1. On a 0 to 90 degree scale, rounded to 10, what angle separates helix 156-174 from the longest Cα axis of the chain?
2. Over 28 Å between C-alpha atoms is what I'm after, so list which of Lys87/Lys312; Lys149/Lys280; Lys77/Lys280; Lys173/Lys316 land there.
3. Using alpha-carbon pairs under 8 Å, 6+ residues apart, how would you state the relative contact order of segment 192-246 in percent?
4. Could you work out the local net charge near Pro122, counting Lys and Arg as +1, Asp and Glu as -1, over the other residues with Cβ closer than 15 Å to its Cβ?
5. Step through the residues of segment 287-299 one at a time and calculate ³J(HN,Hα) from phi using the Karplus curve (6.51 cos²θ - 1.76 cosθ + 1.60, θ = phi - 60°), rounding each to whole Hz and writing x for Gly and Pro.
6. Around Asp258, with a cut-off of 14 angstrom between Cβ atoms, what is the net charge of the other residues, counting Lys and Arg +1 and Asp and Glu -1?
7. Where in segment 240-328 are there trypsin sites (Lys or Arg not before Pro) that are in a DSSP coil and have at most 10 other Cβ atoms within 10 angstrom of their Cβ?
8. Counting other C-beta atoms within 10 Å, and keeping those with at most 14, which DSSP coil chymotrypsin sites (Phe, Trp or Tyr not before Pro) do you find in segment 114-182?
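Laboratory data are not the source of any read-out in this text; all were calculated from the coordinates shown. It should be emphasised that the depicted structure is a prediction, and the values quoted were computed from it without experimental measurement. As a convention, Cβ positions derive from the backbone with ideal geometry for all residues, glycine included, and neighbour counts pool all protein chains shown.
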Amino acid sequence: MSNQRRNFLKGIFATGALLAGNKLWGSSREVISSFESVADPEKKEFTTTDVLKGMPIRATFLDEISWDIPHQNWGYKEWDEDFKAMKAMGIQTVVMIRSGLGKWIAAPFRSLLSREDLYYPPVDLVEMFLTLADTYGMAFYFGLYDSGKYWQEGLFQREIDLNRYLIDEVWEKYGHHRSFRGWYLSQEISRRTKNMSRIYAYMGKHAKQISGNLPTMVSPYIHGVKTDQVMAGDKPLSVREHEEEWNEILGNVEGVVDIMAFQDGQVDYHELYDYLVINKKLADTYQIRCWTNIESFDRDMPIRFLPIKWEKLLFKLEAARKAGMEDAITFEFSHFMSPNSTYLQAGHLYNRYREHFQIR
């Protein structure tokens, strides 16, 4: 075990006993001696010393063309309130996770409607989000279209062409907004779909060329124990295998991806730091900015998906801080951390986060 990982685990496990497999990390006597209890009966505050500092979340995805979470059916008024709450928490960047998925699209894009059999949308969400980002001084990243069907070998060019035409239209129509600061390549990949890196390369290059080299961002996932494929019987990637495969993938997209934010929820908590360290090493090798995608929903519950427990979120924020992540984006604020969410627990998570980072 490296000194870096040993020091990280020492700090983490000092806050309580953690079961990793069948191994108990830290005895109760060690735990008790590691912190002082601070009780203030007048303020009704009962805390322990701040062993887990964590890093702040400065960005969030906007998930209106969603895959597996329910819609909240918000209009401009509700979204305006949510942007206010984001701003109050310190969020500076919003990333529209995708502009379309299958037949559903976020705005009436002529380039897509003329080429695919899609549903015509009742609202231009792109204009709405850009207007709100302008108002609250945030950076907005536009997420590309995911057909959900042109990922297979031999059909890649169709996915590329649809997004190439879309990029042209979007930049012409929305590029004047001062908040338009970048592009999100929305196809999420891991080892099973690593050939998708070719789509990243083509689309990222075109988006940068047409917009004066605005940055591009990706948020892939680790093929770990909590992926659907592994839970269905596939073998998870070890840290070494993860490094080897992503070294190959990043070599294919060198120069066209500026920000990499791996999702942090597909591995177990005691494994996360090791994978984050490798992600940072890979990013440095290819001169890519290394963020982390802090999932604010809980993958451990039998119900998909509920807001995560604050202790788990804080653990991940600390692992990211120790591993040297440059920034943190969450998936995603409006459902799982917002005081406006239909999930009551999300508002409580928002309060715990603000208390921890002393945001008044």
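1. Helix 156-174 sits at roughly 90 degrees to that axis.
2. Working: Lys87/Lys312 23 Å; Lys149/Lys280 32 Å; Lys77/Lys280 39 Å; Lys173/Lys316 38 Å.
With Cα atoms farther than 28 Å apart: Lys149/Lys280; Lys77/Lys280; Lys173/Lys316.
3. Details: 20 pairs, mean separation 10.6, N = 55.
After rounding, I find 19 percent.
4. Values: positive: Lys103; negative: Glu64, Asp124, Glu127.
Net charge in that neighbourhood comes out at -2.
5. Rounded to whole hertz, the list is 6, 10, 5, 10, 9, 10, 9, 6, 6, 9, 10, 9, 7.
6. Cβ neighbours under 14 Å give a net charge of 0.
7. On the way: sites: Arg240, Lys280, Lys281, Arg289, Arg299, Arg304, Lys309, Lys312, Lys316, Arg321, Lys322; in loops: Arg299, Arg304, Lys309.
The qualifying sites are Arg304.
8. Tyr119
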